[in-house]
Amino acid sequence: MQSRPSRFQVPNMMNGIKWLLIINIAVFVLQHLVLKAILFENGMTGFLYFRSWFALFPVEAESFQIWQFLTFQFLHGSFLHLLMNMLLLWMIGTVLERVWGTRNFLIFYLLCGVAAGVGQITVSSFVGEQIPLVGASGGIFGIIVGFGLTFPNEFIYVFFRPVRVLVLMWILIGLQVLNGLFSNGDNVSHVGHLGGAAMGFFLMYNGERFGIYRFFNSAIDAVRDVFKGFSRSSGRPAPHRRPQAEEVRPDNVFSIDDAPRKKTTPAWFRPQPKKSEPASNEITPEEIDAILDKMNESADGYKNLTDREKRILEEYSRNL
């Protein structure tokens, strides 16, 4: 008799997802509860003024600014818009951030959002629309692709029915294609969603090959070093930073060749135990949760694990 597929579990929230949720919610509160009540002498509300600077406008529009490719991802038009995006970000992004690491996940997510913006304003410029773009949906569709290609054989329950993650990914993309072709005036950026998904595919297959992650990680390190040097030259002590967690496998992190086909945890993410020390045969869910929580307590959480905990994590990964 065939066993019933298990539910995919969402692990504890990590710092990247936590701050993305905080920023998105804070910006929404600022826009819709604070700035709407501010009225300038020219009749413009604080809400519209804020949007003119940070929503994404077509390049030929007077309000267009280059930073809008990033900032529009943190603005939302309604509470339902915010709720759906943040729910998906929490459910899917938490899993990917734990596997990829916070910095690599944020690079992936934000680049998918930028691609969504590029796709939308290209179409808007072609058809002559001046409607600004807001929302995290492009980045969300990017991580949907990343999730589907990383965990293709996991199951998610949709209306109490198990659906394979890879199948669900293609269903969602297909719906966006159909809606983009046949919907009219629904005020949803289907082109932006598909742009984010397309960037997700590109990064999963070619991101490491083209050195995209190395480039952005190097840029982040360079900016951090500049601020460190400024703090020292001004006589102020440089802020103390905890050492970064040791990468399990720093190269080829996003290669689709390493995406698991039958196991939940990618091969490069599983720590290798010493062959002379067999792993424990009895592993309880409580032990696994405790180990994962310990890893999440600090930046170098994996290094803090004991040899026994590393062997337990390896054994658990092989039995998934």
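Here, each number is a calculation from the coordinates, and none is a lab measurement. None of the values given here were measured: they were computed from a predicted structure. Because the Cβ atoms are built from the backbone with ideal geometry, glycine has one as well, and the counts that use them run over all protein chains shown.
Neighbours of W90, meaning other residues whose beta-carbon lies under 11 angstrom from its beta-carbon, give a summed charge of 0 when Lys and Arg score +1 and Asp and Glu score -1. Compactness of region 15-215 was expressed as the Cα radius of gyration divided by 2.2 N^0.38 Å, which yields 1.05. Averaged over residues, the count of other Cβ atoms within 10 Å places the peptides 55-64, 32-41, 78-87 in the sequence 55-64, 78-87, 32-41, highest first.
The packing ranking, built from the mean of other Cβ atoms within 10 Å per residue, places the peptides 155-164, 135-144 in the order 135-144, 155-164, highest first.
Modelled spin-label separation between W67 and S218, with each label point placed 7 Å from Cα along the Cα-to-Cβ direction: 2.6 nm.
Electrostatic bookkeeping for F216 treats Lys and Arg as +1 and Asp and Glu as -1; over the other residues with beta carbon under 13 Å from its beta carbon, the sum is +1. Available extension along the chain between N15 and I131 is 38.4 nm, counting 0.36 nm per residue and deducting the alpha carbon span.
Cα gyration tensor of region 41-88, axes a ≥ b ≥ c as square roots of the eigenvalues: rounded (a/c below 1.5), prolate (a/b > b/c) or oblate? Oblate.
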